[in-house]
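Written below as structure tokens is the structure these notes are about.
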């Protein structure tokens, strides 16, 4: 999707078009690790997560993977400025992904703009976390972000693996596991399962990442 198509005002043909949100296809089911699109693919639509989670990443020259974003249910991804995807997108777990067709309506343009801006803000915050904070602070910031994006509940899911979290935060999987164990031992979090977390002391967790 080009920058002009995303940000330029669109003139709807009639009032019904103006009130109609961007139509989405029925969700396509993806197994964990399945590719949604690849770097270099044509970017002719957007995507909304119906359930599950998506990781967006790039492969570095030495073969390492750098995850730049996760998308959770209800979130839209796939924004590009030149009609080609610059990253890979994969299902982080079993997921349902709906493709969104482009329509000429002001409401759809506003919806897409808001989604793009939210993604931009998260990307900027992610840079601050990775660039300035230590491992404990990075994990704390990540957990707070995941909780807030899932309704700001004390108990929430982590649909991605520990390896994914490490590749997102610039940490090894051993460091991620060690920090999780430390937070659990201190009573800051409870691990209710391999991918379910409860913030037992949300104030302490938030203080760690401020």
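The values are calculated or read from the model by the stated rules, or taken from the named source; none is laboratory data. Every value quoted in this text rests on a predicted model; they were computed, and no experiment measured them. Note that we place each Cβ from the backbone using ideal geometry, even for glycine, and neighbour counts take in every protein chain shown.
Return the residue satisfying two criteria in turn: it lies in segment 136-158 and is in contact with a strand residue (DSSP E or B) (Cβ under 8 Å, 6 or more places away or on another chain) and within 16 Å of residue 54 (Cα to Cα), and of such residues it is surrounded by the fewest Cβ atoms within 10 Å (Cβ to Cβ).
This residue is 150.
Just one of the numbered conditions (1) surrounded by fewer than 13 Cβ atoms within 10 Å (Cβ to Cβ); (2) at pLDDT below 90; (3) in contact with a strand residue (DSSP E or B) (Cβ under 9 Å, 6 or more places away or on another chain) is not true of residue 25; which one?
(1) is the only condition that residue 25 fails.
Does residue 178 qualify as being within 20 Å of residue 56 (Cα to Cα) and outside the structural domain of residue 70 (by TED's automatic domain parsing)?
Spelling it out, it is not the case that residue 178 is within 20 Å of residue 56 (Cα to Cα) and outside the structural domain of residue 70 (by TED's automatic domain parsing).
Restricting attention to segment 179-199, which residues are surrounded by 15 or more Cβ atoms within 10 Å (Cβ to Cβ) and over 24 Å from the mean Cα position of the chain (by Cα)?
188
Is it the case, given these coordinates, that residue 130 is assigned to a strand (DSSP E or B) and either outside the structural domain of residue 74 (by TED's automatic domain parsing) or modelled with pLDDT under 95 (or both)?
No; evaluated as a whole, the condition is false for this residue.
Hey, could you check segment 87-122 for residues that are at pLDDT 90 or above and assigned to a loop (DSSP other than H, G, I, E, B) and say which is surrounded by the fewest Cβ atoms within 10 Å (Cβ to Cβ)?
Among residues in segment 87-122 that are at pLDDT 90 or above and assigned to a loop (DSSP other than H, G, I, E, B), the one surrounded by the fewest Cβ atoms within 10 Å (Cβ to Cβ) is 94.
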